[in-house]
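Since the structure comes first, as structure tokens, the remarks are kept for the end.
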6 protein chains.
Amino acid sequence: MRSDGRKNDEMRLIKITTDYIKYPEGSVLIEFGETKVICNASITEGVPPFLKGTGTGWITAEYSMLPRATHTRNVRESVKGKLSGRTQEISRLIGRALRSVVDMSVLGERTVVIDCDVIQADGGTRTASISGGFVALYSAFEKLVKSGELEKNPIKNFVAAVSVGVLNDDVILDLNYEEDSTARVDMNVVATDSGEIIEIQGTGEESPFSRDVLNKMIDYAFIGINNIIEAQKKALGL
Amino acid sequence: MRSDGRKNDEMRLIKITTDYIKYPEGSVLIEFGETKVICNASITEGVPPFLKGTGTGWITAEYSMLPRATHTRNVRESVKGKLSGRTQEISRLIGRALRSVVDMSVLGERTVVIDCDVIQADGGTRTASISGGFVALYSAFEKLVKSGELEKNPIKNFVAAVSVGVLNDDVILDLNYEEDSTARVDMNVVATDSGEIIEIQGTGEESPFSRDVLNKMIDYAFIGINNIIEAQKKALGL
Amino acid sequence: MRSDGRKNDEMRLIKITTDYIKYPEGSVLIEFGETKVICNASITEGVPPFLKGTGTGWITAEYSMLPRATHTRNVRESVKGKLSGRTQEISRLIGRALRSVVDMSVLGERTVVIDCDVIQADGGTRTASISGGFVALYSAFEKLVKSGELEKNPIKNFVAAVSVGVLNDDVILDLNYEEDSTARVDMNVVATDSGEIIEIQGTGEESPFSRDVLNKMIDYAFIGINNIIEAQKKALGL
Amino acid sequence: MRSDGRKNDEMRLIKITTDYIKYPEGSVLIEFGETKVICNASITEGVPPFLKGTGTGWITAEYSMLPRATHTRNVRESVKGKLSGRTQEISRLIGRALRSVVDMSVLGERTVVIDCDVIQADGGTRTASISGGFVALYSAFEKLVKSGELEKNPIKNFVAAVSVGVLNDDVILDLNYEEDSTARVDMNVVATDSGEIIEIQGTGEESPFSRDVLNKMIDYAFIGINNIIEAQKKALGL
Amino acid sequence: MRSDGRKNDEMRLIKITTDYIKYPEGSVLIEFGETKVICNASITEGVPPFLKGTGTGWITAEYSMLPRATHTRNVRESVKGKLSGRTQEISRLIGRALRSVVDMSVLGERTVVIDCDVIQADGGTRTASISGGFVALYSAFEKLVKSGELEKNPIKNFVAAVSVGVLNDDVILDLNYEEDSTARVDMNVVATDSGEIIEIQGTGEESPFSRDVLNKMIDYAFIGINNIIEAQKKALGL
Amino acid sequence: MRSDGRKNDEMRLIKITTDYIKYPEGSVLIEFGETKVICNASITEGVPPFLKGTGTGWITAEYSMLPRATHTRNVRESVKGKLSGRTQEISRLIGRALRSVVDMSVLGERTVVIDCDVIQADGGTRTASISGGFVALYSAFEKLVKSGELEKNPIKNFVAAVSVGVLNDDVILDLNYEEDSTARVDMNVVATDSGEIIEIQGTGEESPFSRDVLNKMIDYAFIGINNIIEAQKKALGL
């Protein structure tokens, strides 16, 4: 039994509010338990220079935390004057995950920026960002389909992400902050609704892990992925 | 009659939600119509070097906007690597306004940072930040009074802020974005519940204004200030 | 009686030297007592992107201080690698003040930069910068009129700025450094020769002020503004 | 058959030169085929603030490329004034990998910096950096053991890293630049001589992958890891 | 005959105004013809870490230009966010020159910063900065001797600097801007009143020069150096 | 006799390896004794804006050191976020030296960047960079001549650089680190194979020097220059 009463392979409550902010093409508030992330999708005409004239689009993501999303206040990166390595690493991860499920030639020469701003952090902010960012992206595309700017939604597959880890000797799913800070192994899995892996990032800095543990972590991850995709579909009315 | 149906001396709907984010000592979501700002107050022990050993505290503020709080997406200041002049100007204004109503010797050698993060902007973000930042500050102090860390709440007066301006030839109160972008004169007033002025900043770059217009703008501002202070008291259960 | 023997509504000696530096289109050394500011106006063809093709011009200002313009040496902002909030705030204020009195369509697609470099600071550097910057701007335009590049001088009104404040319980005009650092209330007024207000910025962080005090401060400000405009006209041989 | 004649599960020639630069405590030139990385280990007394007084040490890494390590010249990050996300991501990965095999309490309050400077890049620069960085670290520790500063070598396990990927439909080991730039899936595995995984990072942005493919990639990775550890031991005369 | 009527080995008019700005310990306006530089010396207690406890002092210099000291306006380095290579090179040169003639143990643990701000540039700004900076330094020391803080003036020798060059086929002394921009060879010499060289920097990027030309340039430089030292002594009343 | 057994006018062993890195148009490892510098020449089509349409080319250089090229580790300039004054000064010196011997109109509208990365430093890194950079440049041009892109090699003269100094009372040639750090006078000379001087930079911050010493230093410098040019020719097979 985990400290918040969950079973080892159980997700926290997933809550997805669409149309959260009024200006973005797609806007979502996603909650994994006490973790809350605003995901906004902005679509503009045009692409970066390396894609001009190719007829294909581009998607990037930017991840950030409010200074007091955490127990103690963090100095703003705008005040420090630079992005931390962690911020850039997560932003790049979100971007890759979302690009992998979009047919860029259907999107055409448009650029989408997914902003993921964590307003309250309790573990799993990057996986909530990917999972919520996908819903913002999907609904932004729907808006363009409705307005006739896009012929069809360029999404090829649903994508979601979840964390798994080893705490004491147990494999557990969807770690909260307290669990995450004491886990020996920490892994994030990004996967599609067709059961294929987009990204896997596991690290056992505190203690290496065997292939058996790796396999069990992946099993649990897919349980979580399926739960999240279900919630995504429900939020989108599908 | 204004485009949203308000009278010239009428505020938009004011909504103040306390305890919005769970970690900060004080946390508020303030809404002036469609403008929404998260105001978090973080209190830490210790003061900047210039106050060490004086027995008095310090308060600063940091203002920021999510990239898509506005109609079109703004580049993050953390990505640009520096704060804009506008951001610093507003942050300094909020800090001065809140310091003016706190008895720093009652606060003792503690530092408070008020983070004002605009998640949706429709005009008046700086006045909403001051007005909501005050509530976050007040309730953070209450928490310290309850826990016995502070003998009494160091707040000396309530403080609120509001914008006034000249649109066509009318003086109007609490401008929304559409009004703000076409107004000839724009003024912000910060004042206390005792009817005294903390800060007045009026600019007629587009067209200079007479002393009569100045006086009418101040009259309207005090109508707004009183409305907001009423809402602050209600939100704090006073 | 004030520490330097002035009456409460008396300006310091105003001295304006034109053609101070030989390269700029307009160049002025302005002195408000011991405060000395070099104001240079540089005019170039072309405008920023947002004005291209509109047939109208643009004016910006940059304010700076020599490191030893003050009692103790300040670190250069070029060495720190960024502009302080104060520097940007003053630069923006000077720009707004000067733009407000220029007919941009007469100027045409030209950009003017007003550089205000304080070489000695004794209070009122921003008001001296605006007042001297105006003379630099005016004489730069005269040069273009003489050379036939401009049909007529695009200046619509004279503009000047002055500080007023509350020291002890007295309202005083044109504060020097010693007065400024102990004043309870500090206000800057920018106004035209037609008696209209361009900008008003008053702050009572140390102690709020009543509307009566506000009115008296504005009365005094207009005495100062009129003195400065007289000096500007004399310096320009008008 | 691959373009350079290797079998799918075959490493490129591994060459490790110890004592490459004369000043560092440990210095190695590692070559994976045409990829060449200088790995220098610098040991200094003292630790970052968060470890002071704990009796344990710290290891970090910094990865960089010479501007012309690649086909076309890259702008220096020192000239741009900031580290790219990629550079920070790889530096953090190398640091985690090396920390995972060191007993920090045997190291004591010392800090080791591992500098990995790529002088020629042909794919696999991060895996060569980890594998060569380990040898530099090991030999730096040996030097301190010899001088009596350390009682014993704090290394707990050997560690190495290798890339695997999917090209067309084949899983291949140790991708060179040409293979890497056309692979559909790219994965890096860091593992110990005891067959346990420290880090696994796989991404299928271009095309998701199944669990079967994941398993085959891990099989191949361990073939590579064992080859590299053999080369490490030989270079260290063990 | 040169364009301004001078002989090849003739200096421009040298003018040195002491006590130019009222706050610095030493303050000088130096003019070499139309080149005008404000040189301020600021003395503070304490030294950089590498000199603490040694009983010896330190001197550094910072060189800068007002944006419109030149024909066309230069962007401020504070706005660019970094110092150019040229600025740093000249600042370092001034610092070395002035340190070379001061007995640092007589100075004691004090730091002097010499700020050289060019308000009008017409060639030779670095040599004017060194020559004027020396006078500011000397008079700052005199002030400390008078106040009893220093037992004696720590200056060991007078130092001055001048430029020489090759224009067409003539060696010329003290180049103005027009000459400097067309000279084939450009050299700066820093030397003492005892006829010894502190620094020599000659560059023939446009066209290499022979040892004979080098010797003639040094001959001319000493003529200039002696002229300047005479002016320095007169300005200091020696 | 010097500490490493050399005579006062004797160079260290010069070793030049061509084709060191495989991608650059020209690549050299140059060694002056224990000083080792990788010099890479990258040629691209096009020139900076100020040369567009002139038919002439451009050459710049960038100098850098690996963090552990020295006895103790230096913080990377990419991590600090800016180039030191020393780095920029040396980079500019290398650029001027190499530009001086190239016929830019033969080069045409092409830009060459010479990267000089010091992997081991034992004094004389800037002179080795110039001397090795020249060989990289020469062989890059040869490659373009062979491929027919250039009609002939644009090199007009060979160029090399060497340091001389005064240690105790002796003039010595090609100082190693130990000598350099205790020398009273330090001078770098850049000269051509026709015996003309490109650049001379001598500094006697620790102790001024007479014209006699200057002359002897230049005599020794030419001995060194001739040795280096001989080694350059041999390395190029001339």
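Smallest Cβ-to-axis distance in chain D, for the rotation taking D to E: which residue, how many Å?
D:81, 5
For chain F, what D do you get in µm² per second when you plug the Kirkwood radius from alpha-carbon pairs into Stokes-Einstein at 4 °C and 1.567 mPa s?
After rounding, the answer is 71 µm²/s.
Helix-only mean residue ellipticity at 222 nm, chain E, DSSP H runs n ≥ 4 weighted -39,500 (n - 2.57), per residue, nearest 500. What is it?
Theoretical 222 nm ellipticity from helices: -10000 deg cm²/dmol.
How far, in nm to one decimal, is residue C:22 from itself in the other copies if the label point is set 7 angstrom along Cα toward Cβ? Shortest first, please.
So the distances to the same position in the other copies read 3.0, 5.6, 6.1, 6.1, 7.3 nm.
Let me confirm one metric for peptide A:15-22, namely the mean number of other chain beta-carbon atoms within 10 Å of its residues' beta-carbons.
2
Per-residue Cβ counts within 10 Å, from other chains only, averaged over A:189-196: what number is that?
Neighbouring Cβ atoms belonging to other protein chains average 3 per residue here.
Between residue B:170 and residue E:84, what is the label-to-label distance in nm when each label sits 7 Å out along the Cα-to-Cβ direction?
Reported label-point gap for residue B:170 and residue E:84 is 5.4 nm.
Number of Lys-Lys pairs in the range E:14-236 under 15 Å by Cα, sequence gap 8 or more or different chains?
Final tally of qualifying lysine pairs is 6.
Only helices at least 30 Å long along their own axis, judged from Cα atoms, and with Kyte-Doolittle mean hydropathy of 0.5 or greater: name those in chain D from DSSP H.
Taking the DSSP H segments of chain D (at least 30 Å long, mean hydropathy at least 0.5), we get none.
For the range F:1-96, just list the percent of Cα-Cα distances falling in each 5 Å bin from zero outward, please.
2, 10, 13, 17, 19, 17, 11, 6, 3, 2, 1, 0
With a cap of 16 neighbouring Cβ atoms within 10 Å, and only residues DSSP puts in a loop, list the trypsin sites (Lys or Arg not before Pro) found in the range C:20-70.
Those satisfying the criteria are C:22, C:52.
Please list, in order along the range E:154-166, the HN-Hα scalar couplings obtained from phi with the Karplus expression 6.51 cos²θ - 1.76 cosθ + 1.60 (θ = phi - 60°), rounded to whole Hz, x for Gly and Pro.
Values per residue, Gly and Pro as x: x, 5, 8, 8, 7, 9, 8, 9, 8, 9, 9, x, 10 Hz.
I need the trypsin sites (Lys or Arg not before Pro) found in the range C:112-168, filtered to DSSP loop residues with at most 15 other beta carbons within 10 Å of theirs.
In loop regions of the range C:112-168 (DSSP not H, G, I, E or B), the sparsely surrounded trypsin sites (Lys or Arg not before Pro) are C:152, C:156.
What are the distances, in nm and sorted shortest first, from the label point of residue F:80 to the label points of the same position in each other copy, with each label point placed 7 Å from Cα along the Cα-to-Cβ direction?
1.8, 2.0, 2.0, 2.0, 2.7
For the range A:126-225, which chymotrypsin sites (Phe, Trp or Tyr not before Pro) are in a loop by DSSP, counting at most 14 other Cβ atoms within 10 Å?
Sparse-neighbourhood loop chymotrypsin sites (Phe, Trp or Tyr not before Pro): none present.
Of F:197, F:16, F:59, which has the largest mean-square fluctuation in a 10 Å C-alpha GNM of chain F?
Of F:197, F:16, F:59, the Gaussian network model singles out F:197 as fluctuating most.
Shortest first and in nm with one decimal, please list how far the residue D:234 label point sits from its counterparts in the other copies (point 7 Å along Cα→Cβ).
Distances to the matching label points in the other copies: 3.5, 5.9, 8.1, 8.1, 9.3 nm.
Report relative contact order for chain D in percent, whole number only (criteria: Cα-Cα under 8 Å, sequence separation at least 6).
That works out to 22 percent.
Under the definition of partner shielding as Cβ atoms of other protein chains within 10 Å of a residue Cβ, what is the mean value for peptide B:229-236?
Whole-number average of other-chain Cβ neighbours for B:229-236 is 0.
Quick one: what are the phi-derived ³J(HN,Hα) couplings along the range B:3-14, Karplus 6.51/-1.76/1.60 with θ = phi - 60°, whole Hz, x for glycine and proline?
Ordered by residue, 3J(HN,Hα) equals 4, 9, x, 7, 7, 4, 10, 10, 7, 6, 5, 9 Hz.
Classify the protein assembly as shown as rounded, prolate or oblate from the Cα gyration tensor: take a ≥ b ≥ c as the square roots of its eigenvalues, call it rounded if a/c is under 1.5, otherwise prolate when a/b beats b/c and oblate if not.
Oblate is the answer for the protein assembly as shown, as a/c is 1.5 or above yet b/c matches or exceeds a/b.
No value in this document is a laboratory result; all are computed from the given coordinates. Just so you know, these numbers come straight off a predicted model, no measurement behind them. All Cβ positions, glycine included, derive from the backbone under ideal geometry; neighbour counts span all protein chains shown.
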